[in-house]
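Asker: This is the structure I have questions about; it appears just below.
The values are calculated or read from the model by the stated rules, or taken from the named source; none is laboratory data. Predicted model, so just to flag it, every value in this text is computed and none were measured. Don't worry about glycine lacking a Cβ; one is built from the backbone with ideal geometry, like all the others, and counts go over all protein chains shown.
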Amino acid sequence: MPIENIHHESVKLLPWFDALGKAFNLEATPQAILFHGQPGIGKFDFARWLSKALLCEADLFSTGHKPCNSCEACRWFDTGNHPDFIALIPQSLKGRLVQAELEGSPKIDPAASENQDDSDGKKESAFIKIDEVRGALGGINIGSHRGGKRIILIYPLESLREDASNTLLKSLEEPNPDTIFILVSDRIDRVLPTIRSRCQLIALPKPSRDVALDWLQSELKLLLTDTVRTEELEATIDEHAGAPLSAKDQILVRHLGDDKDGIGLAIHATRVLLEALSKGPQIAYLECAEKVQKAPYSALLMCMQRWLFDLQLSRQLGEVRYYRRHAQLIGQLASQLQLAKAQRLWSTLTLARRHENHPLSTRVQMESMLLQYQQLFAD
């Protein structure tokens, strides 16, 4: 349930991307860049910063840096009106674009929409359709409005349908010299190999735990009147595998109860799932599947996969990575764990994550997974 936040104020580099941003050669940018990495670390923020820097019209030798945040191009970018910046995102995320934010449209969490079927006209599509791609690419052989570069940003890249991916591929094979593609992916394994081969791949790093905690603490001080305990910050960061933006969203929902981003359902469901998993062989798997069936399938799979990882790590090395607050309980369960069965379930979960956008039935799938989990423990 990670969220790659978008803001309509001046785009700033997140501290853990500062060195990368300063080292980026804006004068020799590849025509197609594919940023990838863990969800919730701010990849989209970095992609927007780079887009703005490339469109900035200030003289680099005079200012010493880009974006300058004061030229006309920068002002247009910050208000979502730059004519040479095209952002392709699924309909379910349109409320998080700059224009929509200025108009007061609600934002939507990508994870919360992953189970939505775009064949239902009442639901917003979680995929980028071929007509949208054709519309964006149709004029790239015409000169840009400002006489400089044109930027096409696509996020998440894996949300392209197969036909839309093939349409993009044609443009990547015969690129226009004035167009730069900035592609962002949470799951690069879902991106066509032919698209990956035509891009410069750049893995964006997550921050160190200390940097993530410092940033999270400073952000929450600006947004919350109450102080968040260090133990809560650390536990939330760990549960989100060190992704600070995801941790921030969860803590805000927890403390403010304001679920504008639609992640409350996933948070509640994973809490229910963790409580059930903590029962080990006594898990009430049917009851649990019933309670969590409306939550995003991807969030449930991720939670279960991280719990299983901790069980195996505890059994083999006596350590816990994600759910440190449950370390003692995990250690007790790990002593009963049958490693061969755990590894088979791990493979099943990994395979399920490849198709998590199209589960036949979340309830049926979860019943099967949880029944296998129940059988991991020795009698």
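Asker: Criterion first (under 20 Å from A235 (Cβ atoms) and not assigned by TED's automatic domain parsing to the domain that holds A126) does F309 satisfy it?
Answerer: When the stated conditions are applied, F309 passes them.
Asker: Give me the pairs: first residue in segment 235-263 and small (G, A, S), second residue modelled with pLDDT under 90, beta-carbon distance under 7 Å, and six or more apart or on different chains, which are they?
Answerer: Every condition considered, the pairs that remain are A243/P2; S246/M1; S246/P2; S246/I3; G262/I108; G262/D109; G262/A112.
Asker: A follow-up question, please. Is it fair to say T194 is under 19 Å from R134 (Cβ atoms) and in contact (Cβ under 8 Å) with a residue 60 or more places away in the chain?
Answerer: No.
Asker: If we scan segment 290-300, do we find a residue that is surrounded by 19 or more Cβ atoms within 10 Å (Cβ to Cβ), of a type outside the set (A, V, I, L, M, F, W, C) and in a helix (DSSP H, G or I)?
Answerer: Checked against the condition, which is being surrounded by 19 or more Cβ atoms within 10 Å (Cβ to Cβ), of a type outside the set (A, V, I, L, M, F, W, C) and in a helix (DSSP H, G or I), segment 290-300 yields at least one hit.
Asker: Would you be able to say whether some residue in segment 228-235 is touching a His at 6+ places or on another chain (Cβ under 8 Å) and farther than 24 Å from E356 by Cα?
Answerer: Yes, that holds for at least one residue.
Asker: Shifting gears a bit: Going by the conditions given, is S347 free of Cβ contacts under 8 Å to residues at least 24 places away in the same chain, over 21 Å from the mean Cα position of the chain (by Cα), part of a helix (DSSP H, G or I) and surrounded by 16 or more Cβ atoms within 10 Å (Cβ to Cβ)?
Answerer: no
Asker: Does A203 count as out of contact with any helix residue (DSSP H, G or I) (no Cβ under 6 Å at 6 or more places or on another chain), closer than 17 Å to I33 by Cβ, buried (at least 16 other Cβ atoms within 10 Å of the Cβ) and not hydroxyl-bearing (S, T, Y)?
Answerer: So A203 fails the test.
Asker: To continue, here is another question. For segment 328-338, give me each residue that is in a helix (DSSP H, G or I) and either in contact with a strand residue (DSSP E or B) (Cβ under 8 Å, 6 or more places away or on another chain) or surrounded by 14 or more Cβ atoms within 10 Å (Cβ to Cβ) (or both).
Answerer: L329, I330, G331, L333, A334, listed by residue number.
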